[in-house]
Amino acid sequence: MNESSVHRTIDGIWRIESAKIIAALARMVRDVGLAEDLAQDALIIALERWPETGIPGNPGAWLMTTAKRRAIDRLRRNKALDRKYEELGREVERQHEPDWDERLDDPVGDDLLRLIFTTCHPVLSPEARVALTLRLLGGLTTEEIASAFLVQEPTVAQRIVRAKRTLAAARVPFELPPKAELPARLSSVLEVIYLMFNEGYSASSGDSWIRPMLCMEALRLGRILAEIAQEQPEVHGLVALMEIQSSRFKARVGKGGEPILLMDQNRALWDHLLIRRGLAAIERAERLGKAFGSYLIQASIAACHARARTAAETDWVKIAALYDALSQVAPSPVVELNRAVALSMAFGPEVGLEVLDALLHEPSLSNYHLLPSVRGDLLQKLGRKQEACLAFNQAAALARNEKDRELLARRASECAAE
C-alpha cells in the first residue's frame with residue numbers, strides 16, 4: 001500500500017474513531033479543547049508512522065493509547081496537575097485496559113453523550129454548540145459544517161475556536177445535566193444529532209454520497225436520548241425520522257455508488273424492521289399528547305413514504321399538508337423548498353414552480369445546489385427543456401459531492417438530448 005493509500009485509510013479510520021477518542025479523553029482531562037488537541041497529536045503521529053510501519057491490527061486502540069500517552073506528557077509538564085497525572089498514569093499502566101466499546105454502550109456512562117451535553121452547554125451560543133459538537137463528535141471538517149449550516153467556512157472556524165475557549169474558561173463539567181435542566185438543553189442537542197445524521201445521509205462533499213457510519217452513530221445517540229428523556233416527544237420524533245430514513249440505505253445507492261432518488265428506489269430493499277421501529281417511535285410521541293414539533297412532523301412525512309408500497313401510492317396531498325405545518329413550526333428556506341416539491345407532486349409542477357421561484361433571490365440558498373436541481377426537475381416536467389438543462393448545469397456546478405455532480409450533469413445531458 002503506497003503512502004497516498006495509507007493516508008486515505010487513516011482518514012477513514014479517523015472519521016470512525018475520532019469521536020470516541022475525544023470523548024474518552026474529555027472525560028479524563030475535563031477539557032474538550034485539550035482533548036481534541038491530544039487526539040489530533042495522535043493522528044499526526046499515525047500519519048508519520050503508519051506509512052512506514054503499516055496500519056496496526058486495532059487502529060482505534062492504537063490511537064487511544066497514543067493520545068493518552070500524549071496526555072501524560074502534557075500533564076507531566078504542568079506541576080499544578082501532578083495529582084491528575086498520577087491518576088491518568090495509573091489508568092494507562094493497568095494490566096487490563098477498560099473495555100471502551102462496553103462503556104460506550106452503557107446508557108449511563110456514555111462518554112459520547114456526555115460530550116454532546118458538554119459542548120451544547122448554555123454558556124455557548126446555539127450556533128457554537130452545534131458547530132463544536134459536529135466537529136468533535138461527527139468528525140466533520142469546517143467546510144462540511146459550513147455546508148450544513150449554509151454559512152461561510154471562516155464563520156464556522158471562528159465559532160469552534162471561541163467555543164473551546166469559552167468552555168475552558170467557564171470550567172464546564174463533563175457530565176449529563178440534572179433531570180430538571182434536561183428539557184432546556186435538549187433543543188441544541190437534537191439539532192446536533194439531526195445535522196450529524198444528515199451529513200451521513202447525504203454527504204455534502206467528497207466522492208461518496210452517503211456515510212452510513214455517521215448516520216448509525218447519530219441514530220445510536222438518538223436512541224440513548226429517547227431512553228433518558230422519555231417524556232419528550234421531539235426526541236422520539238427525531239429517532240423515528242432517523243429510523244425510517246436509515247431504512248432506505250440499501251436502495252439509495254447503485255452498484256457504482258451512484259445516487260438513486262426516492263421515487264426510483266426499489267422499495268423491496270428497504271429495511272422494514274427499521275421502518276417498524278420508526279413508526280413505533282411516532283406512536284410513542286403521539287401518546288404523550290403534546291403538540292407536534294418539527295422533528296415529529298418530519299417523521300410523519302417520512303412515514304407517508306414508508307407506508308406507500310409503490311411510489312405511485314404516495315399520499316402527496318397529506319405530505320404537502322405536513323409541509324405546510326412544518327413551515328409554520330420551523331420556517332426556513334429549505335423547508336419552503338421541500339414544500340414546493342410536495343406541492344408539485346400533489347397539485348402539478350406549475351404550482352411547485354411558483355413557490356420555488358420565490359426563493360431564487362434568497363441569499364442563504366445562493367450556493368445551495370438543490371434549489372436549481374429541483375427547479376430543473378420541475379421545468380423538465382413542464383416541457384421547458386432548455387431552461388431545465390441550464391438549471392441542472394447550474395446545480396452541478398454548485399454541488400460539492402462528486403456523486404451529486406455526476407447525477408446532475410447526466411440530467412442536464414438528458415435534457416439537451418431531448
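The values are calculated or read from the model by the stated rules, or taken from the named source; none is laboratory data. On a predicted model such as this, the values are computed, not experimentally measured, just so you know. Note that each Cβ is placed from the backbone with ideal geometry, even for glycine, and that neighbours are counted across all protein chains shown.
What to note about this one:
- Test: Leu167 is more than 18 Å from Ile297 (Cα to Cα), out of contact with any His (no Cβ under 6 Å at 6 or more places or on another chain) and not in a helix (DSSP H, G or I): no
- Verdict on Ser332 being among the hydroxyl-bearing types (Ser, Thr, Tyr) and in contact with a helix residue (DSSP H, G or I) (Cβ under 7 Å, 6 or more places away or on another chain): no
- The listed residues are Ala146, Ala157, Ala131, and the only one of them that is among the small types (Gly, Ala, Ser), in a helix (DSSP H, G or I) and either touching a Pro at 6+ places or on another chain (Cβ under 8 Å) or without any contact (Cβ under 8 Å) to a residue 12 or more places away in the chain (or both) turns out to be Ala146.
- Lone qualifier among Ala180, Ala168 - being surrounded by fewer than 16 Cβ atoms within 10 Å (Cβ to Cβ), modelled with pLDDT under 85 and over 21 Å from Asn367 (Cβ atoms): Ala180
- Test: residue in the stretch 359-382 that is of a type in the set (Phe, Trp, Tyr), modelled with pLDDT of 95 or more and either under 30 Å from Ala299 (Cβ atoms) or in contact with a His (Cβ under 6 Å, 6 or more places away or on another chain) (or both): no
- Qualifying residue in the stretch 218-240 (condition: surrounded by fewer than 22 Cβ atoms within 10 Å (Cβ to Cβ), of a type in the set (Gly, Ala, Ser) and within 30 Å of Leu365 (Cβ to Cβ)): no
- Restricting the search to helices (runs of 4 or more DSSP H) fully inside the stretch 256-329 and requiring at least 2 residues that are surrounded by fewer than 16 Cβ atoms within 10 Å (Cβ to Cβ) and without any contact (Cβ under 8 Å) to a residue 40 or more places away in the chain gives 272-287, 316-329.
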